[in-house]
Amino acid sequence: MKTRLSLSQKASLLSLGLFALILLVWYLATLPDARVAAVNVDPEYAALMGGGAASSASSFPTPLAMAQTMWERLSDPFYDNGPNDKGIGIQLAYSLARVLGGFFLAAAVAIPLGFAIGNSRVFYQALNPYVQLLKPISPLAWMPLALYTIKDASASAIFVIFICSLWPMLINTAHGVANVRRDWLDVARTLEVNPLRKAFRVILPAAAPTILTGMRISMGIAWLVIVAAEMLVGGTGIGYFVWNEWNNLSITNVLFAILMIGVVGMALDSIFGVLSKRVAYQE
Amino acid sequence: MSGFDNPFDPDTKLHRAGCSCGRHHSQADHEADMKNEDARVSRVVESAVMRGLFPDDQMRRNFLRAVGTGTAMAAISTFFPMGAAKALAAEKGKLEKPDLKIGFIPITCATPIIMAGPMGFYAREGLNVTLQKTAGWAVIRDKVQNKEYDASHMLSPMPLAMSLGLGSAKQAVDVASIQNINGQAITLALKHKDKMNPKDWKGMKFGLPFDYSIHNLLLRYYLAEAGLDPDKDVELRMMPPPDMVANLRAGNIDGFLGPEPFNQRAVYEEVGFIHTLSRDLWDGHPCCAFGVQEGFYKQYPNTYAALFRAIASATDYAHKPENRKAIIEAIAPANYLNQPIPVLEQVMTGRFADGLGKVKNVPDRVDFDPFPWQSMAVWILTQLKRWNYIKGDIDYKMVAEEVFRATDARKRMAELGLKAPASNYTKHTIMGKVFDPTKPVEYLNSFAIKRS
């Protein structure tokens, strides 16, 4: 008798299998070294050493230690032990606030500007060299300049998010607006639709999928950049959390933070996935 | 304290060292009575005036008994503006800026700055201090220059460099006090066990925390004494302390001269051994300083005084070995150093594993002393000049005296009852060679290996 598995069932099984395999390899790789304890170690000396001088404690955490850390961290995500020690939930909230702040500022600039560029060949050609020059600059390269001019660490981080989210949105908006089908614009003109109505009722819906793709790319980049920016600036946020735990050489906590960064990044991306499905249309 | 006693009470003894006035059953009652700040200030002023008028206490008491308290008070008030003096004194004691933001790097050098928070040294002075852990020395520098921080933990050469505009915009910073002396070390990777002699270190790579650090200057000095040119014969790389341990493990560097607890951490992680403690290069060398925004002491004199009192008393408290255990517990949590307690204990008590199988006992491995010797500043400047960080000629003494507020520190330390040296300059001995702060140029010229 044959049972047929659907495609998604097969994929989930394979995913689970992979997860088990990763755990197994991880477990085996972090098994304690089986070397026999050296005999001639002064017990006082051994007590002063990390894992005892004789047994070499692996610095990479075991899956069990990792699970324990995750449980501890996630069971109390909002504790606040002063300005330099806050729960993971608070840190993520700080990072998200910065990312959203910078992102929406960028959207407020990039979408209208993109409309203008997409609508006018002259504008497009005039601004193109600037966009091409500024686009490839690593957002973190702006950091020293931002710190120097803005003179505020938190605002500098938001500025860096702003500058890195700007370009994909700008270019995609311009592209989407420029490529609205001529027929639709011609129909609008025939019906003597006023420009504002044309922009909101014809161009925006037509360009929306491209604009949202730009926003999705921007959000992805912004989330990548915030971690690095916060590691530089410090204070609060998930990037600071990574830095602080690295300062303690605590690989377990760094791994945990990496996992959380991945989870939040995935969530942000899937929100934009849903949004872009809603504005998609069939011609 | 006699300042709290009623000088118009004939039964009070003003010229007396003790604290209790005798009118209360316990010290607690006495303090409860004196809770009112205004009353306290009034009393202090009145006492001062009465002490001025009657240098002999017996005379004052006789006078008060003879004419009665009320008459005496009225009589004195007619020719001495008691009310105005009281108002002046109350005004002087008020903190202009009680909310302060202070930056620190999570290393044991910052012990006094950090512990003053959880152990209440700031609160006792009425200060509300936010201690902000900072990602690196360059960020500290920028945040002080941006005025985000009112004061900060700094490497002692940093305020000098910032005041001269070396490696940053030129913006002066005042050194209110030194934080720690000693407490650094040269750590080598375990594979270099047989290379104890620095003459064998040619071609090696070393980690250092910052260009303008005592670590950089001491390592360069040490290497040059062994005949190696630090710019040509070895590679010096700037990196934050945890990266030193990680890079040592990965084999990217051969050693580092870094701050504690990262030397001990390298031993604890079994990746390195402690080759030389910095106290064996220069016993009593300055490491980190407490830097305050330039002109802060003029703009907020009372706040500065309170801040200095908090930091200097914390430094003095940290100097005493018997207090170290309690300090470790205060500074170890994630909010501050975020380090394992066994590592901090080895650093702070001086009983430590050296990484080569021996337990060593060096109680003054790390120590704390607030006095900002100007001769230390001159030494730092000669070395910055030696390695061409300072280009052109400078007046060593003038720069040192502008940045290191030694005279002011002495006065304030005396007020706290702390011992401060009588002079701002002293001779220092670095690796057996005596440095005379009055002859910086001759000292500089005496080195064979130098850039300038």
Among the residues of the stretch B:249-262, is any more than 23 Å from the chain's Cα centre (by Cα), within 11 Å of chain A (Cβ to nearest Cβ) and in a loop (DSSP other than H, G, I, E, B)? no
### Message
Yes or no: the stretch A:28-37 includes at least one residue that is more than 14 Å from chain B (Cβ to nearest Cβ) and modelled with pLDDT of 85 or more.
### Response
yes
By residue number, the members of the stretch B:124-176 that are part of a strand (DSSP E or B), within 14 Å of chain A (Cβ to nearest Cβ) and closer than 27 Å to B:LYS385 by Cα are B:SER152, B:HIS153
Please verify whether A:ALA174 is at pLDDT 85 or above and not β-branched (Val, Ile, Thr), treating the condition exactly as stated.
yes
Within the stretch A:223-241, residues more than 14 Å from the chain's Cα centre (by Cα), part of a helix (DSSP H, G or I) and more than 8 Å from chain B (Cβ to nearest Cβ) come out as A:PHE241
Considering residues that are surrounded by fewer than 22 Cβ atoms within 10 Å (Cβ to Cβ), part of a helix (DSSP H, G or I) and of a type in the set (A, V, I, L, M, F, W, C), the number found within the stretch A:172-191 is 5
Notebook entry, point to check: In the stretch B:183-194, is there at least one residue being surrounded by fewer than 19 Cβ atoms within 10 Å (Cβ to Cβ), within 14 Å of another protein chain (Cβ to nearest Cβ) and out of contact with any Pro (no Cβ under 8 Å at 6 or more places or on another chain)?
Noted result: yes
Of those in the stretch B:98-117 that are within 12 Å of chain A (Cβ to nearest Cβ), buried (at least 19 other Cβ atoms within 10 Å of the Cβ) and not aliphatic (A, V, I, L, M), the residue nearest to B:ALA334 (Cα to Cα) is B:PRO106
Taking the stretch A:245-271 and keeping only residues that are within 14 Å of chain B (Cβ to nearest Cβ) and part of a helix (DSSP H, G or I), one is left with A:GLU245, A:TRP246, A:ASN247, A:ILE251, A:THR252, A:ASN253, A:VAL254, A:PHE256, A:ALA257
Picking from B:THR111, B:THR71, the residue that is part of a helix (DSSP H, G or I), β-branched (Val, Ile, Thr) and modelled with pLDDT of 90 or more would be B:THR111
Condition set in a strand (DSSP E or B) and either surrounded by fewer than 20 Cβ atoms within 10 Å (Cβ to Cβ) or aliphatic (A, V, I, L, M) (or both), scope the stretch B:263-284, selection farthest from the other protein chains (Cβ to nearest Cβ): answer is B:THR276
In the set B:LYS170, B:LYS232, B:LYS195, B:LYS199, the lone residue that is out of contact with any Asp or Glu (no Cβ under 9 Å at 6 or more places or on another chain), within 25 Å of B:VAL362 (Cβ to Cβ) and either among the basic types (Lys, Arg) or not assigned by TED's automatic domain parsing to the domain that holds B:GLY350 (or both) is B:LYS199
_Tell me whether the stretch B:248-264 contains one or more residues that are free of Cβ contacts under 8 Å to residues at least 60 places away in the same chain and in contact with a helix residue (DSSP H, G or I) (Cβ under 7 Å, 6 or more places away or on another chain)._
no
Of the conditions (1) free of Cβ contacts under 8 Å to residues at least 24 places away in the same chain; (2) within 11 Å of chain B (Cβ to nearest Cβ); (3) not in a helix (DSSP H, G or I), the single one that A:GLN282 does not satisfy is (2)
Exactly one of B:LYS202, B:LYS191 is in a helix (DSSP H, G or I) and more than 25 Å from the chain's Cα centre (by Cα), and that residue is B:LYS191
Residue pairs within 7 Å by beta carbon, gap of at least six or interchain, first lying in the stretch B:356-373 and within 11 Å of chain A (Cβ to nearest Cβ) and of a type in the set (Lys, Arg), second assigned to a strand (DSSP E or B) and buried (at least 19 other Cβ atoms within 10 Å of the Cβ), listed first then second, are B:LYS360/B:PHE352
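The values are calculated or read from the model by the stated rules, or taken from the named source; none is laboratory data. Predicted, not measured: the structure shown is a model, and the values here were computed from it. Positions of Cβ are generated from backbone atoms using ideal geometry, with glycine treated the same way; all protein chains shown enter the neighbour counts.
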